[in-house]
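Asks: My questions will all concern the structure given below.
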Amino acid sequence: MSIRFENVTKTFGSRAVLKDISFEVNTGEILFILGKSGMGKSVTLKHIVGVMKPDTGRVRVDQEDVTSLKARELFKIRRKCGMVFQHPALLDSLTVFDNVSFGLKTPQYIQSLSQPLSPDEILDIVIEKLALVHLGPEILERLPTELSYGMQKRVSLARTLAPQPSYLLFDEPTTGLDPITTRAINALILDLSKKLKVTSIVVSHDMSCALEIADRILVLDQAQILAHDRVDEIKKSKDPLISAFLEETLAQNLE
């Protein structure tokens, strides 16, 4: 099982966002995609789930060519790929239980099962996924507005975990969070990746987070891959941009 980009190019008008990009994410790996704003990090994630199509090249998930699939065929890919957005994006009018169980009740998900889940089975799944993000059943009937922002992020992650994806795709998961909550979310990403044996791709601009939990780091710059290597090798890089990221991380740690 893997995610592979093969010579992917994506342009918006005359601007190339990705230019002949090739890389592979191995099973069970935590890959951080780093880069300055506007360097194609989130665009890369959107290609994995077929929200965007490359101008040229191929994106493969478990050997399946995502770029050739029609809209209705993409569900099986999207079920494998749980997307965690920058903001919790919970439905404020629904309880925590209804938010976390939302994906288990969609027609597409139900059709993928040999038989529908019973109400008790859905409840068990919701409680199990909340426990994975260190939340208890006492919040099941609360509304998102009754929770702290950090708890909302955890509920959002539990919702993503409910359909049991093979891949977790995080888009700037710690943006806007305080340092303590940031460390907690990073610890969750690491813990879930190892405990559930899922493959995680984390889009971020935070080198400190990447150095702490990543197996590999991919750096995008000017529409191309500047580096793609293990953390210990990235630390040795003499590239000016990567050095700047590392120096900023060191300065933050000294504060």
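Asks: Which residue pairs have Cβ atoms closer than 6 Å, lie 6 or more positions apart in sequence or on different chains, and pair a first residue in the stretch 58-87 that is of a type in the set (D, E, K, R) with a second residue that is part of a loop (DSSP other than H, G, I, E, B) and open to solvent by 60 Å² or more (accessible area, probe 1.4 Å)?
Replies: Asp62/Met1
Asks: Does His47 satisfy being of a type outside the set (S, T, N, Q) and part of a helix (DSSP H, G or I)?
Replies: Here the answer is yes, as His47 does meet what is asked.
Asks: Take Ala131 and decide whether it is surrounded by fewer than 13 Cβ atoms within 10 Å (Cβ to Cβ), among the aliphatic types (A, V, I, L, M) and either touching a Ser or Thr at 6+ places or on another chain (Cβ under 8 Å) or at pLDDT 90 or above (or both).
Replies: So Ala131 fits the description; yes.
Asks: What number of residues within the stretch 107-147 are under 23 Å from the mean Cα position of the chain (by Cα), of a type outside the set (Lys, Arg) and part of a helix (DSSP H, G or I)?
Replies: 10
Asks: Moving on. Does at least one position in the stretch 79-97 carry a residue that is assigned to a helix (DSSP H, G or I), within 30 Å of Ser22 (Cβ to Cβ) and not β-branched (Val, Ile, Thr)?
Replies: Checked the stretch 79-97: at least one residue is assigned to a helix (DSSP H, G or I), within 30 Å of Ser22 (Cβ to Cβ) and not β-branched (Val, Ile, Thr).
Asks: Please enumerate the residues belonging to the stretch 50-70 that are under 21 Å from the mean Cα position of the chain (by Cα) and part of a helix (DSSP H, G or I).
Replies: Answer for the stretch 50-70, where residues must be under 21 Å from the mean Cα position of the chain (by Cα) and part of a helix (DSSP H, G or I): Val66, Thr67.
Asks: With the condition kept exactly as written, say whether any residue in the stretch 28-45 is surrounded by fewer than 14 Cβ atoms within 10 Å (Cβ to Cβ), under 30 Å from Gln152 (Cα atoms), under 17 Å from the mean Cα position of the chain (by Cα) and β-branched (Val, Ile, Thr).
Replies: no
Asks: Regarding Gln86, is this residue modelled with pLDDT under 90 and within 26 Å of Ser204 (Cα to Cα)?
Replies: yes
Asks: Which residue, of Glu233, Glu248, is modelled with pLDDT under 90 and either open to solvent by 90 Å² or more (accessible area, probe 1.4 Å) or in a helix (DSSP H, G or I) (or both)?
Replies: Matching residue, one of Glu233, Glu248: Glu248.
Asks: Out of everything in the stretch 163-183 that is of a type in the set (S, T, N, Q) and under 16 Å from the mean Cα position of the chain (by Cα), what residue ends up being surrounded by the most Cβ atoms within 10 Å (Cβ to Cβ)?
Replies: Taking the candidates together, the pick is Thr174.
Asks: Among Thr160, Thr145, which is touching a Gly at 6+ places or on another chain (Cβ under 6 Å) and either at pLDDT 90 or above or open to solvent by 20 Å² or more (accessible area, probe 1.4 Å) (or both)?
Replies: Thr160
Asks: Suppose we keep only residues that are in contact with a Lys or Arg (Cβ under 6 Å, 6 or more places away or on another chain) and closer than 21 Å to Cys81 by Cα within the stretch 91-128. Which one would you say is surrounded by the fewest Cβ atoms within 10 Å (Cβ to Cβ)?
Replies: Per the stated criteria, the residue is Asn99.
Asks: Next question, about the same structure. Any residue in the stretch 216-230 that is among the basic types (Lys, Arg) and in contact (Cβ under 8 Å) with a residue 40 or more places away in the chain?
Replies: Yes: one or more hits.
Asks: Examine the stretch 186-209 for a residue that is surrounded by 14 or more Cβ atoms within 10 Å (Cβ to Cβ), part of a strand (DSSP E or B), modelled with pLDDT of 90 or more and among the acidic types (Asp, Glu), and state whether such a residue exists.
Replies: No, because not a single residue in the stretch 186-209 is surrounded by 14 or more Cβ atoms within 10 Å (Cβ to Cβ), part of a strand (DSSP E or B), modelled with pLDDT of 90 or more and among the acidic types (Asp, Glu).
Asks: Here's a follow-up. Which residue is least open to solvent (accessible area, probe 1.4 Å), if the candidates are limited to the stretch 148-157 and must be polar (S, T, N, Q) and in a helix (DSSP H, G or I)?
Replies: By that ranking, first place goes to Ser156.
Asks: Is there any pair linking a residue in the stretch 231-251 that is within 15 Å of Ser204 (Cα to Cα) to one that is part of a loop (DSSP other than H, G, I, E, B) and polar (S, T, N, Q), with Cβ under 9 Å and at least six apart or on different chains, and which?
Replies: Leu246/Ser237
The values are calculated or read from the model by the stated rules, or taken from the named source; none is laboratory data. The model shown is predicted, which means the values in this text are computed figures rather than measured ones. Backbone-built Cβ (ideal geometry, glycine too); neighbour counts: all protein chains shown. Please note that ligands, DNA and RNA were not included when accessible areas were found on the heavy atoms of the full protein model with its side chains. Shrake-Rupley method; radii C 1.70, N 1.55, O 1.52, S 1.80 Å.
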